[in-house]
1. Within 25 Å of B:H103 (Cα to Cα), away from chain A (no Cβ under 11 Å) and not polar (S, T, N, Q): is that true of B:V186 in this structure?
2. Testing A:G95 on (1) within 25 Å of A:G203 (Cα to Cα); (2) more than 20 Å from the chain's Cα centre (by Cα), one condition comes back false. Which one is that?
3. It is to be established whether one or more residues within the stretch B:193-211 are crowded, with 22+ Cβ neighbours inside 10 Å, out of contact with any Pro (no Cβ under 6 Å at 6 or more places or on another chain), of a type outside the set (D, E, K, R) and within 11 Å of chain A (Cβ to nearest Cβ).
4. Just one of the numbered conditions (1) away from chain A (no Cβ under 11 Å); (2) small (G, A, S); (3) under 15 Å from A:M173 (Cα atoms) is not true of B:A175; which one?
5. Would you check if B:A84 is in contact with a helix residue (DSSP H, G or I) (Cβ under 7 Å, 6 or more places away or on another chain) and either on the phi < 0 side of the Ramachandran plot or free of Cβ contacts under 8 Å to residues at least 60 places away in the same chain (or both)?
6. From the list B:R107, B:R42, B:R61, which residue is within 27 Å of B:D216 (Cα to Cα) and more than 19 Å from the chain's Cα centre (by Cα)?
7. Looking at the stretch A:27-34, is at least one residue in a strand (DSSP E or B), at pLDDT below 95 and not basic (K, R)?
There are 2 protein chains.
Amino acid sequence: MAAWGKRLAGVRGVLLDISGVLYDGGEDGGAPIRGSVEAVARLKQSRLKVRFCTNESQKSRQELVGLLRRQGFDISEGEVTAPAPATSLILKERGLRPHLLVHDGVRSEFGQIDTSNPNCVVIADAGEGFSYQNMNKAFRVLMELEKPVLISLGKGRYYKETSGLMLDVGAYMKALEYACGIEAEVVGKPSPEYFQSALKEMGVEAHEQAIMIGDDIVGDVGGAQRCGMRALQVRTGKFSLLLSAVARH
Amino acid sequence: MAAWGKRLAGVRGVLLDISGVLYDGGEDGGAPIRGSVEAVARLKQSRLKVRFCTNESQKSRQELVGLLRRQGFDISEGEVTAPAPATSLILKERGLRPHLLVHDGVRSEFGQIDTSNPNCVVIADAGEGFSYQNMNKAFRVLMELEKPVLISLGKGRYYKETSGLMLDVGAYMKALEYACGIEAEVVGKPSPEYFQSALKEMGVEAHEQAIMIGDDIVGDVGGAQRCGMRALQVRTGKFSLLLSAVARH
């Protein structure tokens, strides 16, 4: 493992993507990727710090962790960086009252947020919720604001479910950006602030000390590298081999 | 009218936008803009050639002309350049079999086109038809093609109906462009080929001889000017005054 030794020299913390690395999503809750339950267990027994850094925005952190635990993963809510709770913090800090275009599964993350008389729009991977009517409502809210603020939970182009490829929130973010002539603020990978907040939770520096493992060349690899982190792209099914190497290192 | 005289010197043909210039659309069929029925009548009695150049893609040309005639306009199908019949011609010429993401009202324009085993996607202002499911289907068709071809009937950001602002096809075109990493071909204003086809029907040259009158600064005015035409932007309700001046000229 000489090659790995060189790549991982000095690494103290590992950020792990969830979807496409730990499991493949699907309407039935999806399924763990072969070997990944064991790989996470080994990694957590190693000297490395581990944090899960996801762009999942259809489920609350509680629901996501519950699903992964039922699949056998050793994971707790406090170990997960997810866009919805991160956005909820930003809204509170900036006194923003969102119009929410989000999946029902993630709405609970905004339970403490005032949504009356909205002064911004928050979109997440709403799935079937991206109806024309809902998109038009979000568009009209933005057009009525003097300074339209659009916050997008991630900007992924698409993701894979067991049934096939699915349009992700990024496509709908682009639609609203174009219609309103604005630029969205992205909370989630590949935003540098998002990676930094995950690293801060681990107490690990980006430079030299951290590595991101994900399946998305833009969101995971490109984003992490722009933060000064190392990054590895895995293909589905290749993750367990890689993780075993990291854990052994 | 000295100012008008200078602006219109040499003009032989007038291209008129329809929505926002002749009438405002709406669920009930919309209503003519005050004075515009008379203005069109005067214009057609003048020495100028007239053609209607629209991006309307929710209705067939037949339906649109029927609606306008019932509102009192002197207009016939042969005088209208519309994106759906123009696209239909392009599909035939290039042997393209479209997956259609269009409004039911315009589907008849593609009645003669083979839509089996699609090798391209055509989107138009589908309104409520822009469901997540329909968008995802169009996305999957494109992703399965070796060389994805996306044809968009116009690229408007939004339009105004009696109920308020409505997202237009351009927003959904941008969503698919981003998701697939491709660039759409636009049939409709502001595409130069589209204006040229309208001018050809009139037998009028773009340069010096033609003027476009519309309410959209990008689609109508910018597009026409890039073709070498003169262009005038009207605000809703200002059109009849302007048209009277043109007709008197």
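1. Against the criterion (within 25 Å of B:H103 (Cα to Cα), away from chain A (no Cβ under 11 Å) and not polar (S, T, N, Q)), B:V186 qualifies.
2. Only one criterion is unmet by A:G95, namely (1).
3. no
4. (1)
5. Working: in contact with a helix residue (DSSP H, G or I) (Cβ under 7 Å, 6 or more places away or on another chain): yes; either on the phi < 0 side of the Ramachandran plot or free of Cβ contacts under 8 Å to residues at least 60 places away in the same chain (or both): yes.
Here the answer is yes, as B:A84 does meet what is asked.
6. Of B:R107, B:R42, B:R61, the one residue that is within 27 Å of B:D216 (Cα to Cα) and more than 19 Å from the chain's Cα centre (by Cα) is B:R42.
7. So in the stretch A:27-34, the residues in a strand (DSSP E or B) come out as A:31-32.
Keeping just the survivors that are at pLDDT below 95 gives A:31-32.
Subset that is not basic (K, R): A:31-32.
Looking through the stretch A:27-34, at least one residue is in a strand (DSSP E or B), at pLDDT below 95 and not basic (K, R).
Conditions (1) in a strand (DSSP E or B); (2) farther than 18 Å from B:I18 by Cα, marked per residue:
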site	(1), (2)
B:F195	no, no
B:E205	no, yes
B:M212	yes, no
B:V221	no, no
B:G228	no, yes
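The values are calculated or read from the model by the stated rules, or taken from the named source; none is laboratory data. All values reported here derive from a predicted model rather than from experimental measurement. Here the Cβ is made from the backbone with ideal geometry for all residues, glycine too, and neighbour counts use every protein chain on show.
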